[in-house]
């Protein structure tokens, strides 16, 4: 399965609560899977012309079980620019975005 998933976490002020919930759900699943580098969750603020940014979480295909627990929707793979790692190992970047530099 190569499907990415996305979920709106709200604006920059309110996004910390759902972000913490994602990390709490992700960590045991990540450890149970053997901490694979292809399993990660990223966030990025996106404004799309609006006054306030909306924080979007992007779940890698290997994190699909966690994404489904939050009712995240399938999406195209995100562009690397502007992403921040919310959960996963730091070496996930080269695995999930091999075509781009950090």
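The values are calculated or read from the model by the stated rules, or taken from the named source; none is laboratory data. Small disclaimer: the values here were computed from a predicted structure and weren't measured. As a convention, Cβ positions derive from the backbone with ideal geometry for all residues, glycine included, and neighbour counts pool all protein chains shown.
Scanning segment 2-40 for residues that are farther than 17 Å from residue 92 by Cα and part of a loop (DSSP other than H, G, I, E, B) turns up 12, 13, 14, 15.
What are the residues in segment 41-57 that are part of a strand (DSSP E or B) and either surrounded by fewer than 14 Cβ atoms within 10 Å (Cβ to Cβ) or out of contact with any helix residue (DSSP H, G or I) (no Cβ under 9 Å at 6 or more places or on another chain) (or both), if any? Answer for segment 41-57, where residues must be part of a strand (DSSP E or B) and either surrounded by fewer than 14 Cβ atoms within 10 Å (Cβ to Cβ) or out of contact with any helix residue (DSSP H, G or I) (no Cβ under 9 Å at 6 or more places or on another chain) (or both): 44, 45, 46, 54, 56.
Every residue, every condition in (1) under 14 Å from residue 4 (Cα atoms); (2) out of contact with any strand residue (DSSP E or B) (no Cβ under 6 Å at 6 or more places or on another chain); (3) modelled with pLDDT of 90 or more, yes or no:
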| site | (1), (2), (3) |
| --- | --- |
| 27 | no, yes, yes |
| 51 | no, yes, no |
| 76 | yes, yes, yes |
| 97 | yes, yes, yes |
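Taking residues in segment 66-89 that are free of Cβ contacts under 8 Å to residues at least 24 places away in the same chain and on the phi < 0 side of the Ramachandran plot, and partners anywhere that are surrounded by 13 or more Cβ atoms within 10 Å (Cβ to Cβ) and not in a strand (DSSP E or B), the pairs with Cβ atoms closer than 7 Å and at least 6 places apart or on different chains are 80/97. Going by the structure shown, is residue 99 without any contact (Cβ under 8 Å) to a residue 60 or more places away in the chain and in a loop (DSSP other than H, G, I, E, B)? Spelling it out, residue 99 is indeed without any contact (Cβ under 8 Å) to a residue 60 or more places away in the chain and in a loop (DSSP other than H, G, I, E, B).
Examine segment 79-92 for a residue that is surrounded by fewer than 13 Cβ atoms within 10 Å (Cβ to Cβ), over 12 Å from the mean Cα position of the chain (by Cα) and modelled with pLDDT of 95 or more, and state whether such a residue exists. Taking every residue of segment 79-92 in turn, none turns out to be surrounded by fewer than 13 Cβ atoms within 10 Å (Cβ to Cβ), over 12 Å from the mean Cα position of the chain (by Cα) and modelled with pLDDT of 95 or more.
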